[in-house]
1. Given the residues Leu162, Leu151, which is the only one that is touching a Phe, Trp or Tyr at 6+ places or on another chain (Cβ under 8 Å), closer than 25 Å to Glu246 by Cβ and part of a loop (DSSP other than H, G, I, E, B)?
2. If a residue counts only when it is small (Gly, Ala, Ser), at pLDDT 75 or above and farther than 19 Å from Leu141 by Cβ, which helices (runs of 4 or more DSSP H) contained entirely in segment 190-294 have at least 1 such residues?
3. Among the residues of segment 127-141, is there at least one that is part of a helix (DSSP H, G or I), basic (Lys, Arg) and surrounded by fewer than 17 Cβ atoms within 10 Å (Cβ to Cβ)?
4. List the residue pairs whose Cβ atoms are under 8 Å apart, where the first residue sits in segment 132-147 and is closer than 17 Å to Lys84 by Cα, the second is surrounded by fewer than 19 Cβ atoms within 10 Å (Cβ to Cβ) and among the acidic types (Asp, Glu), and the two are 6 or more positions apart or on different chains.
5. Looking at segment 29-51, is at least one residue assigned by TED's automatic domain parsing to the domain that holds Phe127, among the aromatic types (Phe, Trp, Tyr), assigned to a helix (DSSP H, G or I) and surrounded by fewer than 20 Cβ atoms within 10 Å (Cβ to Cβ)?
6. Look at segment 157-184 and say how many of its residues are touching a helix residue (DSSP H, G or I) at 6+ places or on another chain (Cβ under 7 Å) and without any contact (Cβ under 8 Å) to a residue 40 or more places away in the chain.
7. If you check every pair at least six apart or on different chains, which have Cβ atoms under 8 Å apart with a residue in segment 89-112 that is in contact (Cβ under 8 Å) with a residue 24 or more places away in the chain first and a residue that is in a helix (DSSP H, G or I) and charged (D, E, K, R) second?
8. What number of residues within segment 140-167 are over 11 Å from the mean Cα position of the chain (by Cα) and among the aliphatic types (A, V, I, L, M)?
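The values are calculated or read from the model by the stated rules, or taken from the named source; none is laboratory data. Bear in mind the structure is a predicted one, so any value in this text is a computation, not a measurement. Every residue, glycine among them, receives a Cβ derived from its backbone with ideal geometry; neighbour counts consider all protein chains shown.
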Amino acid sequence: MPNMMDEMALCETLKLLFNITHYYPDLVDQFSKSVPHLLKMLHRSRLSHPPLQPPVNYLINALLNLNMNDKKIQEFSLSPVFPKLDKTCNVEHLINILDRAVTDYKESELDHVATPVLNLIRKIHGFAPESVKKFMQWLLLPQEGERDKPLGKSDTLASKLLKLSTSPASPALRNSISHMLFELSDKDANSFVRNVGYGFAAGFLMSQGMQMPENAKEAWATQESDGDGGAEVPFNPITGQRLDREPEDVQPPMTQEEKEREAERLFVLFERYVPTVSGILRPTALINNVSCAG
């Protein structure tokens, strides 16, 4: 068990390592041999409440700039990031830290404290073997059992991340979460919408200049198994919820008069919201405001 002075010395060393590799990227390869040791220290570090306290946060920051896939640090073609005895141990530990972080910290704090660990997870996913990628998808993407409700409504880490992907208080974090979920979906728009629902996917795809899948708003053609090995059950592409779990609409259908009143009310609200000049709608203003609303 290190004493206080040892821990302070370690923290200062990690800060120095981060600053050198950040400001002098040409020297990154000189520190590649430290990756196995940093991973071992991170794995053995005791997690507090909240978890991203020294030296854990400094270990994560130090690893962010290093080349973790450097062939020079691999022994017998094995990466220290994915050790032979348990290839997922480092990934699982980082995801556990992320899970604890989004639970323990206030939403306003997450942008600063949780974004580095999320970016490190993304970095590892970029060169992870297929078996580890599948493991990460299982932990970070919504699973079948969560589709009994609209996605983002359960208490799993995947649901917490989905909710944070629309957080106005954490712009850097929400951007990183959306990129990670897209990467976990093999960078495929169809898989992305299927995994997280159109509601969570639309804004990100539009911001990246990607086309929405043509069938994004239809009852999704790809279906989820019902878990009994029997028939497959379709789900709502907007919310991600299984169609057979959606609440029944017990309200009587709207009359034509009610539809017209509702349309008029929405039109009035729309006119108030969108800037106009001499009664003529400005297309640029419309586009800007719709983007902000989304």
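1. Sole residue among the options that is touching a Phe, Trp or Tyr at 6+ places or on another chain (Cβ under 8 Å), closer than 25 Å to Glu246 by Cβ and part of a loop (DSSP other than H, G, I, E, B): Leu151.
2. 198-207, 256-273
3. Yes.
4. Hits for this filter: Phe135/Glu92.
5. yes
6. Total meeting the criteria: 8.
7. Asp99/Lys160; Val102/Lys160; Thr103/Lys160
8. So the answer is 1.
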